[in-house]
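**Student:** Quick one: this structure, given as structure tokens, is what I'll be asking you about.
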Amino acid sequence: MSENADMIRKTWTANDKKRDSGLKTPEDVCRYDDIVYGSSKSEQVLDVYRPKRYEGKKLPVIVSVHGGAWVYGNKELYQFYCMSLAQRGFAVVNFTYRLAPENIFPAQLEDVSLAFEWLYKNSKEYGFDTEEIFALGDSAGAHLLALYSCCLTNPSYAEKFSFIKSDAVKPKAIALNCGVYRPRPRNIAGFKDLMGKEDLTQADLDAVTVFPHVTKDFPPVFVMTSFGDFLKEQALELAQRLMECSVPFTLKVYGNAKTPLYHVFHVNMKQAEAAVCNDDECNFFATFCKAKA
């Protein structure tokens, strides 16, 4: 265990418990819990949430990749956020992946790939419309989802990872929320945990930096940040790279100087602005759905 990971796990747990205190499963959501999608019954597990009003119907599906600086987090911390997305008319896959530093990169990226594979293989049982697959991630989860999207759209980058298959499941569009897309002095400790190294080489940095691997085939993306997000400049850098590659995208910066909003504010179900952001992202996905086009 690194000092960085230990500190994060101790301090963030209390804050997240306070954030979710008193929240319960909405009465209009059906949930399927603790489904194993890999070989580990503790680390590779997922939940599925569906709105009850669409029982028996195929639904567009959202895969959520949780944040936590690669060393923290699980599906339990994202359950209320993900169930709120289900209330908007989607089936939602909320999964836990193997954390660093106990599991070094690309274990986390492999788990993202496994979760998508599981979705496709189990689409009939859970009513997933495999022609309308979307995904979102925040902070470190946005980083992993962005790298996965690069693997699906940049063959030379995909060659680095033997678990990426030529017929891998590709989301039609994604949302990247308050994401980290390149190492910076402020987040370098997290990247060291992710890579399992104290001294990172240029090759290490290149492997986990998103921008060089984005091509014109990157999926349409909703890029979100907030006025008070300490990673805001990285969202602006990503938008610039997407523009250079002619990738369709929407960029939204929520909050202002008076009400700044902070990092991953959108997962706090007690914050009114979260609902606005989550509505915007689900509406963005809906524009890609055939039934709503």
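**Student:** Quick check on this structure: which one of 56, 38, 22, 67 is at pLDDT 95 or above and on the phi > 0 side of the Ramachandran plot?
**Tutor:** So the residue among 56, 38, 22, 67 that is at pLDDT 95 or above and on the phi > 0 side of the Ramachandran plot is 22.
**Student:** In addition: Considering region 119-152 alone, what residues qualify as being within 16 Å of the chain's Cα centre (by Cα) and open to solvent by 10 Å² or more (accessible area, probe 1.4 Å)?
**Tutor:** Answer for region 119-152, where residues must be within 16 Å of the chain's Cα centre (by Cα) and open to solvent by 10 Å² or more (accessible area, probe 1.4 Å): 139, 152.
**Student:** Could you tell me which of the residues 189, 173, 100, 168 is touching a Ser or Thr at 6+ places or on another chain (Cβ under 9 Å), closer than 13 Å to residue 62 by Cβ and among the small types (Gly, Ala, Ser)?
**Tutor:** Of 189, 173, 100, 168, the one residue that is touching a Ser or Thr at 6+ places or on another chain (Cβ under 9 Å), closer than 13 Å to residue 62 by Cβ and among the small types (Gly, Ala, Ser) is 173.
**Student:** I'd like the residue in region 100-115 that is touching a helix residue (DSSP H, G or I) at 6+ places or on another chain (Cβ under 8 Å) and in a helix (DSSP H, G or I) and, out of all such residues, is surrounded by the fewest Cβ atoms within 10 Å (Cβ to Cβ).
**Tutor:** Once the filter is applied, the top-ranked residue is 113.
**Student:** Then there's this: Looking at region 118-131, can you tell me whether even one residue there is part of a helix (DSSP H, G or I), within 28 Å of residue 6 (Cβ to Cβ) and out of contact with any helix residue (DSSP H, G or I) (no Cβ under 6 Å at 6 or more places or on another chain)?
**Tutor:** No - not one qualifying residue is present in region 118-131.
**Student:** Could I ask something else about it? Just checking, does region 267-277 include any residue being among the hydrophobic types (A, V, I, L, M, F, W, C), open to solvent by less than 10 Å² (accessible area, probe 1.4 Å), over 29 Å from residue 23 (Cβ atoms) and in contact (Cβ under 8 Å) with a residue 40 or more places away in the chain?
**Tutor:** no
**Student:** Got at least one residue in region 12-20 being small (Gly, Ala, Ser), out of contact with any helix residue (DSSP H, G or I) (no Cβ under 6 Å at 6 or more places or on another chain), assigned to a helix (DSSP H, G or I) and open to solvent by 30 Å² or more (accessible area, probe 1.4 Å)?
**Tutor:** The answer is yes; a qualifying residue exists.
**Student:** In addition: Go through region 248-290 and give me each residue that's out of contact with any helix residue (DSSP H, G or I) (no Cβ under 8 Å at 6 or more places or on another chain), of a type in the set (A, V, I, L, M), under 27 Å from residue 172 (Cβ atoms) and assigned to a loop (DSSP other than H, G, I, E, B).
**Tutor:** 264, the sole residue that qualifies.
**Student:** Right, something else. Which one is most open to solvent (accessible area, probe 1.4 Å), of the residues in region 187-212 that are outside any loop (DSSP other than H, G, I, E, B) and touching an Asp or Glu at 6+ places or on another chain (Cβ under 9 Å)?
**Tutor:** Step by step, filter region 187-212, then rank; the result is 212.
**Student:** Here is a check on your reading of the model: is residue 32 aromatic (Phe, Trp, Tyr), under 20 Å from residue 127 (Cα atoms) and touching a residue at least 40 places away in the same chain (Cβ under 8 Å)?
**Tutor:** yes
**Student:** While we're here: May I ask you to say which residue of 225, 215 is at pLDDT 95 or above, touching a helix residue (DSSP H, G or I) at 6+ places or on another chain (Cβ under 6 Å) and either farther than 30 Å from residue 79 by Cα or open to solvent by 40 Å² or more (accessible area, probe 1.4 Å) (or both)?
**Tutor:** Residue meeting the stated conditions: 215.
The values are calculated or read from the model by the stated rules, or taken from the named source; none is laboratory data. All of these numbers come straight from a predicted model, not from anything done at the bench. Glycine gets a Cβ as well: all are built from the backbone with ideal geometry, and neighbour counts include every protein chain shown. With ligands, DNA and RNA removed, areas are computed over all heavy atoms of the protein, side chains included. Shrake-Rupley method; radii C 1.70, N 1.55, O 1.52, S 1.80 Å.
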